[in-house]
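What follows is a set of notes on a single structure, which appears directly below.
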Amino acid sequence: MASQLGVPALLILAMLLAPVGWLWYRLRPVQRYEVEKMAEASGLVITSDNALIVVESIASTRLWRTVGVLFAATGLMAVAAFEVMSTQSLTVPLTVLLWGLVGYWVGSVIAELGTARTLTSEGPRSASLAPRQMSRYVGGWAVLWPPRLAVGGGMSALASLALGDRSWWLLAAGLGSVVVALVTHVVSRYVLDRPQPVQSTDVAAADDAVRSRSLHALGGTAIGIEIWLVSLAVGGTVISAIARYGPGPATEGRQEAFPLLAGTSFLVLVVFVVVLPVVGFVVGRRLTRGTFRVPAPLEVTG
């Protein structure tokens, strides 16, 4: 009897300790290896003058991204607790990963806005003679794919309405991709355009490394979320189209066609609700953690 009670108790204890351990790890002071990792990813040379910029950036972004994920996790736990009390059962949907990405993205948005404000709050500043180009700091994927995915999500939402499907989750997924793309564009532009402190070359390079790191985090996470949302929207719209234009209950041959319709719908569900969302999660994570080389300095004016 004791052994039977011991296993669930250990599982519950592990579930309680895991978030505590994760929070302790995420909220610890910035370690030397983290600074070295950012320097390696950006090609930045760390000096005594620019080290503080790098440390403050890592600490601020890590804090707010953690807070974002924590809020998302708290919301999911509240929903799960309500489900257990209502139905005496618990299911773990795949959208847990989506909400984790959303929390990370919201935290990134807040962190980048705060970092940009902090870096420009004191001392003389300079602005480039020509507008900064996103392509100098991050690949073309960050410029092209968020709006492309937003168009796909928006068109799917409109198509679902045309098909007579008013499912809230389908509309929320399609329009959500548009909102994510717009917010990411506005915040990325804010990060890109913030004036740069008039400092030595190594400090300016660190400032550009922070800027590049921010744009990678915003763009990569946004693409991961949008792939997920668009896949849900497109998948739901395709299934709605199959249900509307497939053989109806009174249609001759309905019995023969049903297995094909059921198989097609199941395949759509697997691809658009399982495979593509997981691909989006992996792609988003990889893009946020890619290398972000410091661009060559632009001419500035005081």
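The values are calculated or read from the model by the stated rules, or taken from the named source; none is laboratory data. Quantities reported herein were computed from a predicted structural model and do not represent experimental measurements. Neighbour counts run over all protein chains shown; Cβ positions are idealised from the backbone, glycine included. Heads up: the accessible areas ignore ligands, DNA and RNA and are worked out on the full protein's heavy atoms, side chains in. Shrake-Rupley method; radii C 1.70, N 1.55, O 1.52, S 1.80 Å.
Laid out as a table, the results:
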| item | result |
| --- | --- |
| Where a label projected 7 Å from the Cα of Leu144 along Cα→Cβ would reach, residues of the range 223-237 with amide N under 17 Å | 223-224, 227 |
| Inter-label distance for Leu161 and Val179, nm, one decimal - labels placed 7 Å from Cα along Cα-to-Cβ | 1.6 |
| At R0 = 30 Å, FRET efficiency that the Cβ-Cβ distance of Ala81 and Glu40 yields, to 0.05 | 0.10 |
| Whole-Hz couplings from phi, Karplus 6.51/-1.76/1.60, listed for the range 140-156; x for Gly and Pro | x, 4, 6, 8, 8, 6, x, x, 4, 5, 5, 4, x, x, x, 5, 5 |
| Euclidean distance between Cα centres, the range 184-213 to the range 41-60, Å | 12 |
| Sequence of Glu34, Glu56 from largest to smallest accessible area, 1.4 Å probe | Glu56, Glu34 |
| Where labels lie 7 Å past Cα in the beta-carbon direction, separation of Tyr33 and Thr47 in nm | 2.8 |
| Pairs of alpha carbons in the range 161-251 whose separation is greater than 19 Å (percent) | 58 |
| Net charge, Leu23 excluded, C-beta distance under 13 Å - Lys, Arg +1, Asp, Glu -1 | +4 |
| Pairwise label distance in nanometres, Val186 with Val274, each label 7 Å out on the Cα-Cβ vector | 3.8 |
| Solvent-accessible surface ranking, highest first, for Ser48, Ser167 at 1.4 angstrom | Ser48, Ser167 |
| Accessible area in the full protein assembly, largest first, 1.4 Å probe, for Ile225, Ile46, Ile53 | Ile46, Ile53, Ile225 |
